[in-house]
Amino acid sequence: MAALIETCGLTLHFGGLKAVDGVDFTLNSGEIHALIGPNGAGKTTFVSLLSGRRLPQSGTILMDGTDITALPAHVRVRKGIAYTFQITSIFPRLSVFDNVALAVQARGVGDLAGRTRAALARVGMEGLEKQEAQTLSYGHQRLLELTMGLALQPRVLILDEPTQGLAASEIEGFIRLVEGLVPATTVLLIEHNMEVVMDLATRITVLNFGKVLATGTPAEIRANPAVQEAYLGA
Amino acid sequence: MTGGGVTGGGVKVWVLHLALLAVLFSAQFWLSPYHATNLVRIMVLAVFAMGYNLAFGYTGLLSLGHALLLAAGMYAAGLPAQLWGWSAGPAFIAGVAGGGLMAAAVGLLALRTAGVSFMIVTLMFAQAGFLTLLYFAPITGGDDGFALANASRRIFGFDLSADTPRFLAAFVIFALGLLASLALVRSPFGRSMVAMRENEERSRMLGYNPFMVKLAALACSGLYAGAAGAAYALLFGYAGASFATIQYSILPMLYVLLGGAGTTLGPFLGALVMFALIEAASGLTSAYFFLVGAALVALVLFAPKGILGTIRERWVRWLP
């Protein structure tokens, strides 16, 4: 499989805190790649560097072999890197329709209403389009966030703790949805719920103290003694 | 923008706006000349406020420097008329362009800031503009300003200093401004303006460049302010530095807050009510600004979303 995104020596320190410390990482096209690690391991900071919300102090990020290290976030989004926020970030006072339309129209305004409704139908939210986003249930707000990411038709979808706070039944629906995205969309998933990770991921990277501890298939990661010691606690 | 959001309402929305325009058009036949002239003033100020509303009400840009844009339009129209004898048509176009260009120039610098800093920077620019007008008093007339020659106040053979052409000119500018702002806020671009107001960081992660969206919105706002400034100069035959003072930065904000920020008809309603309020209060006491202030305090306490904002929230959800 071809590398869609590669990082080389990616580094961002906050004073003495080495949030991301020389990370070499490869995201292959069409995979579901999970990023795990203890709290404070640097997972969110690392994907912030990938999405351009933060700029690294050193190191490079390549997409399709092209250096995108210095590109601003909105340009990376247009190149196909979509990011969904760990803390739900929607337009709370706008309707569900307008929320999704904002993502859809970023890719062109032809048949905006039709494409927006299709994006909502894809996740089963078609009945809610007139509702104000802030009045949705928490689960639906998370789903709306995901829908906005999907409506960008990204090549890479970065999901930052998408199942946090969801009910078990909602998590099941989420897993089925993400499974259906690959291989057209490559997924990078930060997740604490190990069942979700083991169920979905084709590869896993473990971060600890800003460094890559291990990369491999779920089975390899489970068997890795260093990972067990640092994280799985077995 | 709540409930119905950017789209929704459809035909009802256009009918409402066209009905208002029909009533305003007919007003020249049933209002006394005194009130008709006041209505001309209100319509021109409402155009200014509509522009302010695009920046503040829809895009969330709280500018304290819109007087600069009004004055830019006023002088870009007034000076060529004064110095080179331009007629009203070209002078008006120059005024609109002047407002838009000034807004773009200020925006390029001021939009590097946000929030309170943006307020301060825009205020500073406006103050600098005012002082520039005073400094070049031999040309601009400074505080006293200058009167436009009647020869420059003609368009298509009509004399804009006469009541009927003046009313019609103001009405046409107002109507075009209102319908354009309605079309704009219901367009995809209008939706991205609102996105800046509601959640700029999320917008960036949807692929929008916030700086460019806000710059474009501010430039649109400047076109309106420029149109209002130019119209004021040409319809009332006067341009002066007093229009560049802080008072004219605050007025459109008050109109918009009173009528309802982020509503298409709010700026006109706000201008109308505020004008009526000042008119009524000045008949009662010389301290009429005190009554206006009291009315504003009441507004903030009981209807912080303004008249139309409150009506939209409680009753008429489809109001744009």
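Please treat every number below as a calculation from the coordinates, not as lab data. Computed from a predicted model, the values in this text were never measured in an experiment. Counting neighbours? That spans all protein chains shown, and the Cβs are built from the backbone with ideal geometry, glycine included.
A few comments on the model shown:
- For the pair A:Val75 and B:Leu20, a Förster radius of 41 Å applied to the C-beta separation gives a FRET efficiency near 0.45, rounded to the nearest 0.05.
- Pairs of Cα atoms nearer than 8 Å and 6+ residues apart set the relative contact order; for region B:1-137 it is 24 percent.
- More than 30 Å apart - percent of Cα-Cα pairs taken over the protein assembly as shown: 57
- Translational D in µm²/s for region A:115-234 (Stokes-Einstein at 10 °C, 1.306 mPa s, Kirkwood Rh from C-alpha pairs): 100
- 3J(HN,Hα) along region B:85-99, derived from phi through the Karplus expression 6.51 cos²θ - 1.76 cosθ + 1.60 where θ = phi - 60°, amounts to x, 4, 7, 4, x, x, 5, 5, 4, 4, x, 4, 4, x, x Hz, with x in place of Gly and Pro.
- Inter-chain neighbour count for B:207-214: the average number of beta-carbon atoms from partner chains within 10 Å of each residue's beta-carbon is 4.
- Share antiparallel - DSSP beta bridges, the protein assembly as shown, percent rounded to 5: 60
- Among B:Thr164, A:Thr186, the ranking by other beta carbons within 10 Å of each residue's beta carbon, starting with the fewest, stands as B:Thr164, A:Thr186.
- Distant-in-sequence amide H partners of A:Leu207 (H built 1.01 Å from N, under 5 Å): A:Ile36, A:Gly37, A:Leu213
- Descending Cα extents along the principal axes, chain B, whole Å: 51, 45, 41
- Within 10 Å of each Cβ in A:129-141, the average number of Cβ atoms from other chains: 1
- A Förster distance of 45 Å, applied to the separation of the beta-carbon atoms of B:Val116 and A:Cys8, puts the FRET efficiency at 0.65.
- Among the chymotrypsin sites (Phe, Trp or Tyr not before Pro) in region B:127-173, those located in a DSSP loop and surrounded by at most 14 other Cβ atoms within 10 Å of their own Cβ are B:Phe136, B:Phe156.
- Label-to-label distance for B:Ser161 and A:Asp199 is 8.1 nm, based on points extended 7 Å past Cα in the beta-carbon direction.
- Length-normalised contact order for chain B - Cα pairs under 8 Å, 6+ apart - percent: 33
- One chain, two ends: B:Arg314 and B:Val300. Fully extended at 0.36 nm per residue, the span grows by 3.4 nm beyond their Cα-Cα distance.
- Cross-link reach list, lysines versus B:Lys214, counting only Cα pairs under 30 Å and skipping chain neighbours closer than eight places: A:Lys79, A:Lys130, B:Lys12, B:Lys305
- Fully extended contour minus Cα-Cα distance, from B:Ile93 to B:Leu284, at 0.36 nm per residue: 64.7 nm
- Annotation: amide H-H contacts under 5 Å for A:Ile158 (H modelled 1.01 Å from N, sequence separation of 5 or more, or interchain): A:Ala82, A:Tyr83, A:Thr84, A:Leu188.
- Rounded to whole numbers, the Karplus 3J(HN,Hα) couplings from phi for region B:277-291 are 4, 5, 4, 5, 5, 6, x, 8, 8, 6, 8, 5, 5, 5, 5 Hz, using 6.51 cos²θ - 1.76 cosθ + 1.60 with θ = phi - 60°, and x at Gly and Pro.
- Converting phi to 3J(HN,Hα) with the Karplus coefficients 6.51, -1.76 and 1.60 and the offset θ = phi - 60°, region B:188-197 yields x, 5, x, 5, 6, 4, 4, 4, 5, 5 Hz in sequence order, with x at every glycine or proline.
- Fewest-first ranking of B:Cys220, A:Cys8, using other Cβ atoms within 10 Å as the exposure measure: A:Cys8, B:Cys220
- Average other protein chain Cβ within 10 Å of Cβ, residues A:103-113: 3
- Distance between modelled label sites at B:Ala105 and A:Val109, nm, 7 Å Cα→Cβ extension: 2.9
- Mean ellipticity per residue at 222 nm, deg cm²/dmol - from DSSP H runs of n ≥ 4 across chain A, formula -39500 (n - 2.57): -9500 deg cm²/dmol
- Burial ordering of B:Tyr255, B:Tyr232, fewest other beta-carbon atoms within 10 Å first: B:Tyr232, B:Tyr255
- Under a 5 Å amide H cut-off, with hydrogens placed 1.01 Å from N, A:Arg54 pairs with A:Leu49 among residues at least 5 apart or on other chains.
- Contact order normalised by residue count of region B:69-124, Cα under 8 Å, 6+ apart, percent: 35
- On the basis of the beta-carbon distance and an R0 of 22 Å, B:Ala216 and B:Ile250 show a calculated FRET efficiency of 0.35.
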